[in-house]
Amino acid sequence: MMQTWLQDLRYGIRQLIKSPTFTFTAVLSLALGTGAAVAMFSVVYGVLLYPFPYADVDRLCNLSVRDRQGEIFDEWLRGPELRELRKAHAFESIATWNRQNLALTGGDIPEDVVAYYGIGETFPTTGVPPLLGRSLGPSDSPDGQEPQPVVMLHYRFWQRHFNGDRAIIGKTLELDHKTYTIIGITRPNFTWDWGADVYLPQEIGNPQGGGVVVKLRPGISLAAANAELQPLLDRFAREQPRQYSANYQADIRPLTWEVTRNMGGTLYVLFAAVAILLVIGCANVSILLLARGAARQHEIAVRSAVGAGGFRIVRQLLTESLLLATTATVIGIMLAYWLLALIVAWLPQHLFPPDVAIRINLPVLIFSVLLVVLTTIIFGVFPALQMSKPEIREIMQSNSKKATGNARARHLHGTLVAAQIGLTLLLLTAAGSAIESFVRLLRVPLGYEPHHVISVGIPLHENSYANWQARVKYFEDLRASITSLPDVVSASIAGNATPPNSGWKLVFEMLGKAAASPESQTAKINLVDSDYFRTLQTPLLEGRIWSPAEVANGVLLVLVNQTFVRRYRPNEEALEHFLKISNLQSRPPYSFAAPGADGWMQIIGVVADSVNDGPERPIQPAIFLPYSIQVWTGTGILVRTRVVPESVLRSIQKRIAAVNPDQQTTGRITDLEAGIRDEPVWARGRLTSALFGGFSLLALTMSAVGLYSVVSYTVVQRTNEFGIRIALGAARGHVWRVVLASLLVWVGSGVLIGVVLAVALNKMASSWSANYVSSPAMLLPGTLILALVSGIACALPAWHASNIDPMAALRSE
């Protein structure tokens, strides 16, 4: 048995080598489909199926709430409330997180360090052991006592600052001039929330509190956990009305819910696209094998005549198919590594954990092996069964160039071609819709000029500048120091107003105008200075802007945008009217409010609209306040430069350090143009349009090759017939029409299938991905492109048929 199989294997290799064009086309068709499928499955597996490396991740949930508008967000709890939460039966343990920016000193410029604080149960709740040393535990943050001065380093930070020194445990790290002992290193892909450099213990009674992740007890459902949590939230709201709202409903969500919400639809749509591409590749190889059978039926008939059984012929043909599939899969996995790197580079940032492991691992390799088996069955069985029962007498009486063909073969060809064309049209339509949506996004008028503007984050250290006057003076000194640089055009303080997502949505009152409901009048509240609009080049339409002295004194004067006027003062004068904004009180040490900040404020100007809620959403009503009305521990400074901003960044950091040697700037600083490219909707649009476009072009090429093969197969079948027609006086154009007429049914059927699929799947795809907005108009250009390529694929075989030498065709009999 083994010897016979080895004979089949050797013979199959010789046959594939003898037909290099067929082998190359078939292998490439499958390799492209397999490579794309493996790459996308790796992304789906890493981002959606296993984004967190935690133990019992299915029982880990965010403590989230839902407001009356249906929006979901995390609920932060403080010390007393955390103690109450610990007593809840539904939760086995709880973990907290609270992000702060600390400074690593020692160099000429302080370096920003992202620190995450958590109570002692946080790391035990995740169930992930450290790479080196130990994790933070309950003994590091005993209840009622100061946390221990210990720190755990993230693997990334450890590699960057200590070059992976494995003797680092027990050494010290200075953060904000406080010394911490290094006790452990996390694993490479460990991520608590959305990324950190270091992890520090936090005492449970800390008044700052934090976000909460709960671990459900085995067998506890989300509904049961919500039912037990709701009375606690109601009690917190009664006892602490300024901290907790009575309008929130408990809505605990799995830890993976946010990742799935952010990226699930996009990745599912793209995975469906590569599945379609793989099906097209399989159909293409089936067509190629059937077309190749036209040249091999004489050979197979001879083998049958000398005693080869149908099983032996099928086994031989399946062996050749397995060779093709194995070769294609190996090449496909190699292509998958390249494609995976490309997709990962284009994935939207900030929508999934930054250290998620996206790689071709064991489950993905198993998946690729299953692809080999699946594709072998799909493109090997049907052609093999078709050729295993040849009509020996008819074939033996003819030259080997004549293929007998029958109705079943023609129907199979037609079905495969129609399926290819239908799926290709579906991909072309999807690609057109994705590109159209992305182009529409690119054309959204921003209302500000992002070119050569960077946002520099300034996080204040704990207990620094601990009153309103000191904090305002500090930020004014920083702005003045940066403005004095020769390459700086202007610098402005934007406390919470860095576009394209600017401001906080808060409720306000209009003097003399009652709101329909307490929460119906909302606007984006922006804390800025007098140079903000000049830096962003947003024009003033009416009134005036504050003077620097007014900003420094926290004057109660505001500006509004056009959308605010249209919504809340239609057909009325907006200037000189008064409004009041809630939640502008001091919250030491995090924010200090100007005297009388909760009083009535006069509107003194109207500025042009600018994108303030993301480039894909409508512009929201906006109110602009002097940043000094409520000064927070962290703010941003927008800087417009005469040169490439990155070249000025170090000079800006030095000017900041000249004012305060301990002041760092936060994180990765990029210009506002890069900030737009980092927007989730922009990144998703680029990803889907590029990949859909690439997949549709590959599908179009495969379909053209399959159609060309079918037409060539038809011409070979009917060579003698065409020779007779031409010998009897038929015009060359008549032969053209004969060849193309039989294809119209197949191509037309494929187009109809594609239209039906595009319409039927439009609603489903739109629900999966907000970026996928299908337009019926995209069917027309997709159909035209497909018709053009199909015409080109059919033209060459039809031209060859019309130029057949009648005598040569007749002599072939």
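Pairs please, first residue from the range 39-56 and over 19 Å from residue 277 (Cα atoms), second anywhere and aromatic (Phe, Trp, Tyr), Cβ atoms under 6 Å, 6+ apart in sequence or on different chains.
47/352; 51/352
Can we say residue 27 is within 30 Å of residue 130 (Cβ to Cβ), assigned to a helix (DSSP H, G or I) and not hydroxyl-bearing (Ser, Thr, Tyr)?
no
Would you say residue 199 is more than 25 Å from residue 353 (Cα to Cα) and either at pLDDT below 95 or among the aromatic types (Phe, Trp, Tyr) (or both)?
In short, no.
Checking residue 681 against (1) buried (at least 22 other Cβ atoms within 10 Å of the Cβ); (2) touching a Gly at 6+ places or on another chain (Cβ under 8 Å), which test does it fail?
If we test residue 681 against (1) buried (at least 22 other Cβ atoms within 10 Å of the Cβ); (2) touching a Gly at 6+ places or on another chain (Cβ under 8 Å), just (1) comes out false.
Quick check: anything in the range 177-196 surrounded by fewer than 21 Cβ atoms within 10 Å (Cβ to Cβ), among the basic types (Lys, Arg) and in contact with a strand residue (DSSP E or B) (Cβ under 8 Å, 6 or more places away or on another chain)?
Within the range 177-196 (the criterion being surrounded by fewer than 21 Cβ atoms within 10 Å (Cβ to Cβ), among the basic types (Lys, Arg) and in contact with a strand residue (DSSP E or B) (Cβ under 8 Å, 6 or more places away or on another chain)), the answer is no, since none of the residues qualifies.
Within the range 441-474, work out how many residues are open to solvent by 40 Å² or more (accessible area, probe 1.4 Å) and out of contact with any helix residue (DSSP H, G or I) (no Cβ under 9 Å at 6 or more places or on another chain).
The total comes to 8.
What number of residues within the range 50-79 are touching a helix residue (DSSP H, G or I) at 6+ places or on another chain (Cβ under 9 Å) and over 26 Å from residue 198 (Cα atoms)?
2
Does at least one position in the range 473-482 carry a residue that is within 32 Å of the chain's Cα centre (by Cα) and of a type in the set (Phe, Trp, Tyr)?
No; the residues of the range 473-482 include none that is within 32 Å of the chain's Cα centre (by Cα) and of a type in the set (Phe, Trp, Tyr).
Quick check, is residue 111 open to solvent by 20 Å² or more (accessible area, probe 1.4 Å) and under 25 Å from residue 215 (Cβ atoms)?
Against the criterion (open to solvent by 20 Å² or more (accessible area, probe 1.4 Å) and under 25 Å from residue 215 (Cβ atoms)), residue 111 does not qualify.
Across the range 15-43, which residue is nearest to the chain's Cα centre (by Cα) among those that are surrounded by fewer than 19 Cβ atoms within 10 Å (Cβ to Cβ) and among the hydrophobic types (A, V, I, L, M, F, W, C)?
24
Out of curiosity, is residue 279 open to solvent by less than 10 Å² (accessible area, probe 1.4 Å), among the β-branched types (Val, Ile, Thr) and in a helix (DSSP H, G or I)?
Here the answer is no, as residue 279 does not meet what is asked.
Scan the range 219-236 and tell me whether some residue there is open to solvent by less than 10 Å² (accessible area, probe 1.4 Å), out of contact with any Lys or Arg (no Cβ under 8 Å at 6 or more places or on another chain) and farther than 30 Å from residue 351 by Cβ.
The answer is yes, given that some residue of the range 219-236 is open to solvent by less than 10 Å² (accessible area, probe 1.4 Å), out of contact with any Lys or Arg (no Cβ under 8 Å at 6 or more places or on another chain) and farther than 30 Å from residue 351 by Cβ.
Could you list, in sequence order, all residues of the range 52-68 that are touching an Asp or Glu at 6+ places or on another chain (Cβ under 8 Å), farther than 9 Å from residue 215 by Cα and not polar (S, T, N, Q)?
63, 65, 66, 68 - these are the residues of the range 52-68 that are touching an Asp or Glu at 6+ places or on another chain (Cβ under 8 Å), farther than 9 Å from residue 215 by Cα and not polar (S, T, N, Q).
Being assigned to a strand (DSSP E or B) and among the small types (Gly, Ala, Ser) is the filter; apply it to the range 78-95 and report the residue that is most open to solvent (accessible area, probe 1.4 Å).
Here the answer is 93.
For the range 209-243, enumerate the residues that are of a type outside the set (Asp, Glu), more than 16 Å from residue 65 (Cα to Cα) and assigned to a helix (DSSP H, G or I).
238 - this is the single residue of the range 209-243 that is of a type outside the set (Asp, Glu), more than 16 Å from residue 65 (Cα to Cα) and assigned to a helix (DSSP H, G or I).
Can you name the residue in the range 143-175 that is aliphatic (A, V, I, L, M) and open to solvent by less than 50 Å² (accessible area, probe 1.4 Å) and is also nearest to the chain's Cα centre (by Cα) among such residues?
This residue is 153.
Take residue 113 and decide whether it is under 30 Å from residue 370 (Cβ atoms), touching a helix residue (DSSP H, G or I) at 6+ places or on another chain (Cβ under 9 Å) and β-branched (Val, Ile, Thr).
When the stated conditions are applied, residue 113 does not pass them.
Residue-wise test of (1) over 21 Å from residue 587 (Cβ atoms); (2) in contact (Cβ under 8 Å) with a residue 12 or more places away in the chain.
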{"position": "418", "(1), (2)": "yes, yes"}
{"position": "425", "(1), (2)": "yes, yes"}
{"position": "447", "(1), (2)": "yes, yes"}
{"position": "480", "(1), (2)": "yes, no"}
{"position": "492", "(1), (2)": "yes, yes"}
{"position": "506", "(1), (2)": "no, yes"}
{"position": "522", "(1), (2)": "no, yes"}
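Working only within the range 581-599, note down all residues that are farther than 23 Å from residue 547 by Cβ, open to solvent by less than 70 Å² (accessible area, probe 1.4 Å) and touching a strand residue (DSSP E or B) at 6+ places or on another chain (Cβ under 8 Å).
582, 585, 586, 591
Suppose we filter 659, 643 for residues that are open to solvent by 10 Å² or more (accessible area, probe 1.4 Å), over 30 Å from the mean Cα position of the chain (by Cα) and under 16 Å from residue 476 (Cα atoms); which single one remains?
That would be 659, the only listed residue that is open to solvent by 10 Å² or more (accessible area, probe 1.4 Å), over 30 Å from the mean Cα position of the chain (by Cα) and under 16 Å from residue 476 (Cα atoms).
Working only within the range 558-580, note down all residues that are outside any loop (DSSP other than H, G, I, E, B) and out of contact with any Leu (no Cβ under 6 Å at 6 or more places or on another chain).
Those that are outside any loop (DSSP other than H, G, I, E, B) and out of contact with any Leu (no Cβ under 6 Å at 6 or more places or on another chain): 559, 560, 561, 562, 563, 564, 565, 566, 567, 568, 579, 580.
Take the residues of the range 44-77 that are among the β-branched types (Val, Ile, Thr) and over 23 Å from residue 131 (Cα atoms): which is most open to solvent (accessible area, probe 1.4 Å)?
That would be 72.
Give me the residue from the range 600-618 that is without any contact (Cβ under 8 Å) to a residue 60 or more places away in the chain and either hydroxyl-bearing (Ser, Thr, Tyr) or in contact with a strand residue (DSSP E or B) (Cβ under 7 Å, 6 or more places away or on another chain) (or both) and, out of that set, least open to solvent (accessible area, probe 1.4 Å).
601
The values are calculated or read from the model by the stated rules, or taken from the named source; none is laboratory data. Predicted, not measured: the structure shown is a model, and the values here were computed from it. As a convention, Cβ positions derive from the backbone with ideal geometry for all residues, glycine included, and neighbour counts pool all protein chains shown. Side chains are part of the model used for accessible areas, which takes the heavy atoms of the whole protein and leaves out ligands, DNA and RNA. Shrake-Rupley method; radii C 1.70, N 1.55, O 1.52, S 1.80 Å.
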